[in-house]
Amino acid sequence: DTTYPADLETYGSSEGERRFNYITKKYKKLSDVMRHFTLLPDYHGPGTTWYIRKQLTYQSQVVSGPGWVTIGDGIGFTNPLLSPGINAGMASTTLAAQNTVAAIKTKTEEERAAVWKKYDDYCAGAFLYLTFMHPMIGPRVGFLWTIVIGHALPKWSLPRAAFTVDLPNFAEHAIHWLWGSQVDDWVKVAEHTTKKLMPLNLNEPVPQAIVDEVIAFSEKVKEEALAAGKYQGFPFRYEGELRNYGPMLEWDPEKYAGQDRFQSQCHACKTWLPCRGDWLKCTACGVIRPLEDCEIKWNIPPTEFELSKFAVIAPNYMSVGTVLADYVKNRDMMCKCAPPVEDGMMGDGMAKEM
């Protein structure tokens with residue numbers, strides 16, 4: 001819910017310092033809290049007073065100029081842990097292409113500059129904050145359809161072995177692979193949501209009527225898709241069986257309040273790491289972490305069906321955790337299959353005639 005001023009550079013010497021100072025001054029309560037803290041200069045070494053990990057941040061409010069325009073990660077990057085960079089690329093690339101056509105049609109430099117000013121404003125403002133303008137739009141709309149265009153995409157899935165795609169089929173494969181941005185239902189909801197949110201003032205709360213309408217539209221499209229038999233037989237749990245949703249993609253407030261944990265912090269260096277029972281060593285500081293800190297914490301234990309799928313796709317059982325290792329061990333102990341017949345022996349142990 002924040003737009004930064006044109007004179008942001010006056011708030012400090014680096015991107016991190018500027019944004020921190022601006023936000024701190026903007027909100028009195030935050031300013032009052034920060035008075036009780038002291039800034040430690042160069043705490044992590046020379047030049048690290050306002051260091052941001054890997055500097056994966058938006059460095060400039062100007063992302064276009066005469067003969068050039070930046071897109072995707074060239075504009076910036078938002079979240080190195082869960083990596084939405086591909087979405088950044090799709091959103092900004094599409095808008096850049098549309099603006100390029102519009103800019104070519106302009107007759108004066110002022111008209112061209114006005115076209116790209118809209119792109120600058122979008123990337124520095126709406127692109128960053130549009131999905132965060134209300135706390136329910138993200139989990140109720142955005143996350144649901146991100147799942148649908150991802151692992152739940154019909155007929156397409158994440159490859160699990162080496163394979164070759166020939167040139168005539170590459171375009172179709174690239175468009176519909178893991179991130180199916182051309183799924184009709186996703187496009188319908190995305191266009192409707194954007195149409196409702198884009199005209200709003202970023203400095204004002206989203207009207208509740210628009211929030212309710214966007215969620216209702218998303219639910220309507222979802223129900224129509226389920227009635228048509230789409231997205232059935234979801235093969236394995238994704239962030240806790242759709243994280244905030246039940247088996248029929250219905251919104252579940254209880255699951256939202258107590259989600260599965262798929263990331264945890266290293267107690268030694270505070271780095272956030274993916275939860276895997278076979279990754280005990282912190283990739284940042286090298287500390288060997290206890291198993292309980294590394295395993296996925298299931299809000300609702302995986303079902304037998306889910307565990308059976310995990311047993312097939314997991315790189316090793318402990319990557320999912322003790323719950324899968326124990327499941328496979330118990331399954332093997334309960335197996336009543338006949339033992340394999342050795343060469344030259346019959347099922348009763350008698351030697352066969354050669």
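Any read-out appearing in this document is the output of simple, stated calculations on the displayed coordinates, not a laboratory observation. Because the structure is a prediction, the values reported are computed rather than measured. When we count neighbours, we look across all protein chains shown, and the Cβ atoms used for this are built from the backbone with ideal geometry, even at glycine.
Each residue, residue 201 and residue 309, gets one label point 7 Å from its Cα in the Cβ direction; the gap between the two is 4.6 nm. Less than 5 angstrom separates the built amide H of residue 297 from those of 261, all sequence-distant by 5 or more or on a different chain. Shown for 20, 37: other C-beta atoms within 10 Å of each C-beta, ranked fewest to most, produce the order 37, 20. Rounded to the nearest whole Hz, the Karplus-based 3J(HN,Hα) values (6.51 cos²θ - 1.76 cosθ + 1.60, θ = phi - 60°) of region 8-16 follow the sequence 4, 5, 6, 8, x, 9, 9, 4, x, with x at glycine and proline.
By the beta-carbon count within 10 Å of each Cβ, the least crowded to most crowded order of 30, 95, 40, fewest first, is 40, 30, 95. Other residues within the sphere of radius under 10 Å centred on the Cβ of residue 316, judged by their own Cβ, net out at 0 (K and R +1, D and E -1). When the Cα atoms of region 260-340 are aligned to their principal axes, the ranges along those axes come out at 51, 27, 18 Å in descending order. For the set 230/297; 29/118; 195/222; 117/195; 270/297, the pairs lying more than 22 angstrom apart at their alpha carbons are 230/297; 29/118. Ranked for footprinting exposure by Cβ neighbours inside 10 Å, fewest first, 34, 198, 334 give 334, 198, 34. Using 0.36 nm per residue and subtracting the Cα-Cα separation, the extra length available between residue 213 and residue 108 on full extension is 33.7 nm. Spin-label point model (7 Å from Cα, Cβ direction): what's the residue 287 to residue 31 distance in nm? Roughly 3.7 nm, to one decimal.
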